[in-house]
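The values are calculated or read from the model by the stated rules, or taken from the named source; none is laboratory data. Bear in mind the structure is a predicted one, so any value in this text is a computation, not a measurement. Counting neighbours? That spans all protein chains shown, and the Cβs are built from the backbone with ideal geometry, glycine included.
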Amino acid sequence: MPKTKYPCVYQDKNGRFSYLVELGTDKITGKRVQKKGSKDQSGKKFRTAKEAHQEVTRTRNKYLVSNGFANYELTFGKFMEKSYLPHYQVSVQSSTWNSRQCGLDQIKYFFAEKKLREITVRDCEAYRIWLLQDSQYSVRDCEAYRIWLLQDSQYSQAYCSLLYGMFRKSLDYAVTLDFLQENISKRTKGIPKGKAVVPYWTKEEFEKVLSKIYPAEFYEHMCFVMIWLYYMTGIRVSEGLALNWNDVDLKRKKMRIHYTLDMKNQDDFQRKPYTKTESGLRTISLDDDTVAIRKEWHRVQEAHGITQLIFSYNDLPLYRSTVQRIIERYAAAAKVPKIQGKGLRHSHVSYLINEFNADILVVSQRLGHSSPEITLKHYDAHLWSRNDEGLADLMTGNIKFSRPDKSNIAKFNSNQAVPFTRRNYSKKNNITPTEPLPV
């Protein structure tokens, strides 16, 4: 096809004009990008070579503005499936991937059909609000949006914060790969985690729970040991599930916390040689009661052929959900508040502070925190609710002094305010009472 005087513009033997323009390489597919046509953007055929040239210019400008992405049809769902999810899976621990996969799928399906480059600030804000509200309607429906604002929350604020943070990170990765020029979600506010109050058991409530457990039965004996140890040591749930008898020195009354349990099922699990944080690797002291309970449980386990895991009735680890069910079962029997596994960790802090006025530094080290500030940040002030009662008793009558019989200040002279009267002001400033006071 013969060329015209305009680059990329051609005219066939019938006199019809068309264009074929090279735009470069697609950053998504890596293929050459070409575009051709014989009509302008309104669908009209070119009457002259100049009109075709104008369309070539417009096409090139549009491509440059789009930063070299010819695949305008790439959806967020495809981006997540082909790019972000594989990247995220190999970037985190398997336990983190397993716990976050459901949330990532929720994000993917929420924006699944939305084109990646067409996600707007309004879309991000709508998703942020959706996380904090509960609705069965679509975010693209204005009436549904209004209804959402009147509904109760669907998720906890902490989980909303996690989901919106993961959504933002996915768009960050799109920017890293040059799929986007900016992370548009950064124009919206993040969702703060909030400060959740974790229910815990007081000493009296803990005693009620223990009184409902029948340790003469093998399985209930394990439940007793498990609840006792979590309450009396403050270890994390995953740390307790990974405990092996090799981690305990009953003679020295010490217990080593160096492992966490990563478990999919009882056929697929491993004791990972690290804890949640580096400072979580610790050795804690055991009281005599805990040592006695552990010795008895060790004897009972050996009689049943169990020699490895402490929290086990068949030498296989317990599921986290089993721990929660055990706690709830005995809480109901004792008619005390139902708490989570981490609530026993909070209960341990309350027990140490309120019963023994324990030093916050010692408590922090026992919990495996890097500093006392971490302990104070994550454990609410109500755990220290009775900590100052002893101080108040000690302060009573501690200050000794006697009252003087007369003033020991010869002449009081200061700039303190005194009750204002016309007589005082007139005398001080040498004016007669009949003169008006200065404004």
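When the test is whether a residue is acidic (Asp, Glu) and closer than 17 Å to Tyr231 by Cα, Glu302 does not pass it.
The set of residues in segment 104-115 that are in a helix (DSSP H, G or I) and crowded, with 16+ Cβ neighbours inside 10 Å comprises Leu104, Ile107, Lys108, Phe110. Scanning segment 351-360 for residues that are free of Cβ contacts under 8 Å to residues at least 24 places away in the same chain and either under 25 Å from the mean Cα position of the chain (by Cα) or part of a loop (DSSP other than H, G, I, E, B) (or both) gives Ala358, Asp359, Ile360. Quickly run through segment 158-188 and pick out the residues that are more than 30 Å from Lys335 (Cβ to Cβ), among the aliphatic types (A, V, I, L, M) and in a helix (DSSP H, G or I). Leu162, Leu163, Met166, Leu171, Ala174, Val175, Ile184, listed by residue number.
With the requirement that a residue be crowded, with 17+ Cβ neighbours inside 10 Å and within 21 Å of Tyr219 (Cα to Cα), what does segment 264-307 give you? Scanning segment 264-307 gives Thr290, Val291, Ile293, Arg294, Trp297, His298, Gln301, Ile306.
If you check Ile235, Ile191 for being in contact with a Ser or Thr (Cβ under 7 Å, 6 or more places away or on another chain), of a type in the set (Val, Ile, Thr) and over 26 Å from Lys335 (Cβ atoms), only one passes: Ile191. Tell me, yes or no, whether segment 193-205 has at least one residue that is under 30 Å from Pro86 (Cβ atoms), touching a residue at least 24 places away in the same chain (Cβ under 8 Å) and not in a helix (DSSP H, G or I). Yes, segment 193-205 has at least one match. Annotation: of all residues in segment 213-231 being touching a residue at least 40 places away in the same chain (Cβ under 8 Å) and surrounded by fewer than 17 Cβ atoms within 10 Å (Cβ to Cβ), the one that is farthest from the chain's Cα centre (by Cα) is Phe218.
A residue that is within 30 Å of Leu376 (Cβ to Cβ), modelled with pLDDT of 85 or more, in contact with a Ser or Thr (Cβ under 6 Å, 6 or more places away or on another chain) and not acidic (Asp, Glu) occurs somewhere in segment 146-169. Close Cβ contacts (under 7 Å, 6 or more residues apart or on different chains) running from residues in segment 117-136 that are acidic (Asp, Glu) to residues that are modelled with pLDDT of 85 or more comprise Asp123/Lys114; Glu125/Thr188. Being assigned by TED's automatic domain parsing to the domain that holds Cys160 and either modelled with pLDDT under 85 or over 26 Å from Lys115 (Cβ atoms) (or both) is a description that applies to Val92.
Could you list, in sequence order, all residues of segment 32-52 that are out of contact with any Phe, Trp or Tyr (no Cβ under 9 Å at 6 or more places or on another chain) and either within 12 Å of Tyr10 (Cα to Cα) or touching a residue at least 12 places away in the same chain (Cβ under 8 Å) (or both)? Outline the logic, then answer.
Residues of segment 32-52 that are out of contact with any Phe, Trp or Tyr (no Cβ under 9 Å at 6 or more places or on another chain), as a first pass: 32, 34, 41-44.
Across segment 32-52, the qualifying residues are Gln34, Gln41.
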